[in-house]
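Reviewing the structure listed below.
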Amino acid sequence: MSEKRKTSRTGHSALAHAGEVAQWVMLLLGWLWLGEQGMRLGWSLASGVLAVVLWWAARLLCRGSHWALNARPTVMAVCGGLSALGVWLPEALAATNLAHLGLLAVALLWGAWSGLAETRSRVSTFDLAPVAWHPVLAAAAVSWMWWAPVDAISATGATSVLLAVCTAVLHARDLATTDTLRMCRGQRAGLSHVLAPSVMGLMMGSLWLGNVWCAGLGWTTQEMVLGHLAMMAVLPTLVALAGRDDVARPQFRSLLSLALLALGALMLLGQSAVYNFLAMLLPSLAWAVHCSRTRMAQGFSSGASAWLMRSMALALGPGLLLWVGMASPAHGPLAMQTALALLGALAAVLVLVLRAHSPVAYPAWSTP
């Protein structure tokens with residue numbers, strides 16, 4: 001019996017690690033593939049970022065919801081399987097005028113699946129192992145997919161295969177942990193913990209708009225994609241590794257994240273390549289600090305408070321990205337600069353406010 005329990009624990013641990021890699025693959029592919037497809041199809045509304053906006057909004061709405069907390073493992077498999085098949089829908093409808101609508105349908109389904117998977121996760125990536133290698137491995141897998149040397153595999157085919165693998169892993173993890181979740185793993189901690197994911201999401205969501213950061217740095221498309229993957233997936237691992245012995249000051253890390261956001265907004269005042277690089281790097285560091293800070297489990301919020309925080313995350317994340325997409329044709333890089341300046345100003349105000357408050361509880365999973 002002892003050997004059986006030990007084997008079961010080992011199996012659950014392996015599934016937990018594999019599930020974290022799968023979640024990061026889903027996240028990174030969502031930003032990159034949906035954004036690229038939206039730009040490729042060239043729909044004029046919101047400069048092609050509408051698919052990313054819907055996917056992001058669906059994730060935020062489903063994460064921590066009653067539906068996600070009580071869904072059966074079969075739901076995970078169905079949502080993932082349909083998402084893996086759905087990536088072929090834009091190509092199947094390419095001869096019609098419905099290709100972009102097909103992409104939007106896939107984005108909504110993929111977003112609901114992502115929110116479900118994040119809710120069902122029992123532990124944060126950065127609490128699962130001494131070194132958070134999961135996002136790095138996920139970034140490597142996505143990079144391979146993007147530049148696969150096999151001519152017979154298209155980008156859509158590679159995306160579909162990766163999502164199918166994620167589906168199998170997450171379904172197996174859900175089957176192995178069928179007990180009812182008692183804690184909400186969604187974003188419930190307040191405005192100060194909405195800002196960093198919102199800024200990182202804006203930078204990832206505007207990737208294919210040819211935004212001012214990459215244009216000012218003169219990056220190629222490959223360098224641009226690799227840079228964004230590194231900022232979102234590799235940088236948090238490095239920051240967590242560098243600060244692994246400093247786990248007793250969560251309030252300090254929260255203030256540091258907000259301060260980096262505010263400094264990043266100040267870099268918007270410069271015009272050189274150095275200022276462009278810092279305007280991109282500093283918010284990414286804020287996101288990395290936000291991800292890797294020490295967390296404490298948090299129960300359900302009251303209905304009004306939960307919907308207030310959810311509405312705030314929707315407005316400052318998908319809502320702001322939608323505005324950037326709609327304003328970009330007329331105002332160019334100024335639209336993105338204005339959005340980041342707004343979030344940076346909010347971060348600066350919160351630094352002053354939180355200096356006078358005691359530490360707060362942190363959610364276990366919070367991504368843009």
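The values are calculated or read from the model by the stated rules, or taken from the named source; none is laboratory data. Bear in mind that the values here come from a model prediction, so they are computed numbers and not experimental data. Note: ideal-geometry Cβ built from the backbone for every residue, glycine included; neighbour counts use all protein chains shown. Just so you know, the surface numbers come from the protein's heavy atoms only, side chains and all, with ligands and any DNA or RNA stripped out. Shrake-Rupley method; radii C 1.70, N 1.55, O 1.52, S 1.80 Å.
Some observations on this one:
- In summary, helices (runs of 4 or more DSSP H) completely within the range 199-276 and bearing 3 or more residues that are over 18 Å from the mean Cα position of the chain (by Cα) and either at pLDDT below 80 or farther than 15 Å from Trp287 by Cβ (or both) occur at 212-217, 221-229, 250-266.
- For Thr338: the one exception among (1) at pLDDT below 90; (2) among the hydroxyl-bearing types (Ser, Thr, Tyr); (3) open to solvent by 40 Å² or more (accessible area, probe 1.4 Å); (4) assigned to a helix (DSSP H, G or I): (1)
- Residue tally, condition closer than 15 Å to Met203 by Cα and assigned to a helix (DSSP H, G or I), over the range 313-335: 14
- Within the option set Ala176, Ala196, Ala129, Ala155, being aliphatic (A, V, I, L, M) and at pLDDT 90 or above holds for one residue only, Ala196.
- Cross-chain or 6+ apart pairs with Cβ under 6 Å, the range 115-126 first and over 12 Å from Met26 (Cβ atoms), then of a type in the set (Gly, Ala, Ser) and part of a helix (DSSP H, G or I): Thr119/Ala68; Phe126/Ala240; Phe126/Ser292
- Leu322 crowded, with 20+ Cβ neighbours inside 10 Å and at pLDDT 90 or above: yes
- Restricting Ala139, Ala95 to those that are open to solvent by 60 Å² or more (accessible area, probe 1.4 Å) and among the small types (Gly, Ala, Ser) reduces the list to Ala95.
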